[in-house]
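Got a structure for you, written out below as structure tokens; questions coming shortly.
The values are calculated or read from the model by the stated rules, or taken from the named source; none is laboratory data. This is a predicted model, so every value here is computed, not measured. Neighbour counts are summed over all protein chains in view; Cβ atoms, including those assigned to glycine, are modelled from backbone coordinates with ideal geometry. Side chains are part of the model used for accessible areas, which takes the heavy atoms of the whole protein and leaves out ligands, DNA and RNA. Shrake-Rupley method; radii C 1.70, N 1.55, O 1.52, S 1.80 Å.
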Amino acid sequence: MTVYFIGAGPGAADLITVRGRDVLARCQVCLYPGSLTPTELLEHCPQHARLVDTADLTLEQIIDEQVAAHQRGDDVARMVSGDPSVYSAVAEQMRRLDASGVPYEVVPGVPAFAAAAAVLKRELTVPTVGQSVVLTRAQARSTSMPDGEKLAAFAATGTTLALHLAVNRIEQVVEELLPFYGADCPSAVVALASQSGEQVVRGTLGELAEMIRDAGITRAATIFVGPVLAAEGFPDSFLYSAARDRSKQPAPL
């Protein structure tokens, strides 16, 4: 049998993918992070499925559930918030499943930063303004950052930043970013994107810490910093340009 790591999306129940919903509907066991998963998603599970809230479980307990289900011949839906490729803690689960000989597959989902950008109605890659996005986080109680992944190093590129787990260290974050982006750099914060209680704050980097504190935002927030957030007058993308040659070219030999 198979363990399916399913990206449950950023919070709204209808932002799970069709594939993710269909996999849920056929798995006899569902492991889900209770504090991050909308209960409506569990309605897609089979009527008599085993539902396990992993919020208070250790990694080893979660693996034990997966291995036991495999031994019974049950498929497992292991839901994670957002998309499994980013900050999902699935890598260590995959490593243990490999060691146990348990097969698994990954079903992608809508990541939090994408949902937050949608709320802002902003493209994060704007022609001649910004063509790169750095997804990173602030160091807090979580696992330490690798030595080379310093916020200042990313900021030195001037590219668009999407910061996770940073609202509770916002003063330090702003202090590190100001020398590179300047106080007037456009910034925004989206908390609980797509969920009930969604909050949006827009302003400049220099105002960011005060805005976050005034809004009372303390969790589940994505912070964006970069000129693309207020880009105007930029050239149209070459993708749809009338000057682009759309004639069919022969395949290379």
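This table checks each residue for (1) of a type in the set (Val, Ile, Thr); (2) more than 17 Å from VAL133 (Cβ to Cβ); (3) surrounded by 15 or more Cβ atoms within 10 Å (Cβ to Cβ).
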| site | (1), (2), (3) |
| --- | --- |
| ALA156 | no, no, no |
| LEU163 | no, no, yes |
| ILE170 | yes, yes, yes |
| PRO179 | no, yes, no |
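Still on this structure, please answer the following. Go through (1) at pLDDT 95 or above; (2) more than 30 Å from GLY233 (Cα to Cα) for ALA114 and report which single condition fails.
The failed condition is (2).
Which residues, taken from segment 58-75, are within 13 Å of GLN93 (Cα to Cα) and hydrophobic (A, V, I, L, M, F, W, C)?
Within segment 58-75, LEU59, ILE62, ILE63, VAL67 meet the criteria.
While we're here: Find the residue count for segment 203-236, including only residues that are β-branched (Val, Ile, Thr) and open to solvent by 50 Å² or more (accessible area, probe 1.4 Å).
Adding up the residues that qualify gives 1.
Next question, about the same structure. List every residue pair whose Cβ atoms lie under 7 Å apart, where the two residues are 6 or more positions apart in sequence or sit on different chains, the first residue falls within segment 143-154 and is open to solvent by less than 80 Å² (accessible area, probe 1.4 Å), and the second residue, located anywhere, is in a loop (DSSP other than H, G, I, E, B) and among the polar types (S, T, N, Q).
Matching pairs, first to second residue: MET145/GLN139.
Further, regarding this structure: Does THR39 satisfy being without any contact (Cβ under 8 Å) to a residue 40 or more places away in the chain, within 22 Å of the chain's Cα centre (by Cα) and within 25 Å of ALA138 (Cβ to Cβ)?
Answer is no for this residue.
Considering only residues of segment 10-36 that are aliphatic (A, V, I, L, M) and under 16 Å from the mean Cα position of the chain (by Cα), which is most open to solvent (accessible area, probe 1.4 Å)?
Only one residue fits best here, namely LEU36.
Right, something else. Taking GLU105 and the conditions (1) exposed (fewer than 15 other Cβ atoms within 10 Å of the Cβ); (2) at positive phi; (3) in contact with a Ser or Thr (Cβ under 8 Å, 6 or more places away or on another chain), which numbered condition does it fall short on, given that it satisfies the others?
Of the numbered conditions (1) exposed (fewer than 15 other Cβ atoms within 10 Å of the Cβ); (2) at positive phi; (3) in contact with a Ser or Thr (Cβ under 8 Å, 6 or more places away or on another chain), the odd one out for GLU105 is (2).
Another question about this same structure. I'm told SER187 meets every condition in (1) open to solvent by less than 20 Å² (accessible area, probe 1.4 Å); (2) in contact with a Gly (Cβ under 9 Å, 6 or more places away or on another chain); (3) of a type in the set (Ser, Thr, Tyr); (4) under 26 Å from VAL90 (Cα atoms) except one. Can you identify the failing condition by its number?
(4)
Considering only segment 92-133, state which residues are over 15 Å from the mean Cα position of the chain (by Cα), under 28 Å from GLY226 (Cβ atoms) and either of a type in the set (A, V, I, L, M, F, W, C) or not in a loop (DSSP other than H, G, I, E, B) (or both).
If the condition is that a residue be over 15 Å from the mean Cα position of the chain (by Cα), under 28 Å from GLY226 (Cβ atoms) and either of a type in the set (A, V, I, L, M, F, W, C) or not in a loop (DSSP other than H, G, I, E, B) (or both), then LEU120, VAL126, VAL129, GLY130 are the ones that fit.
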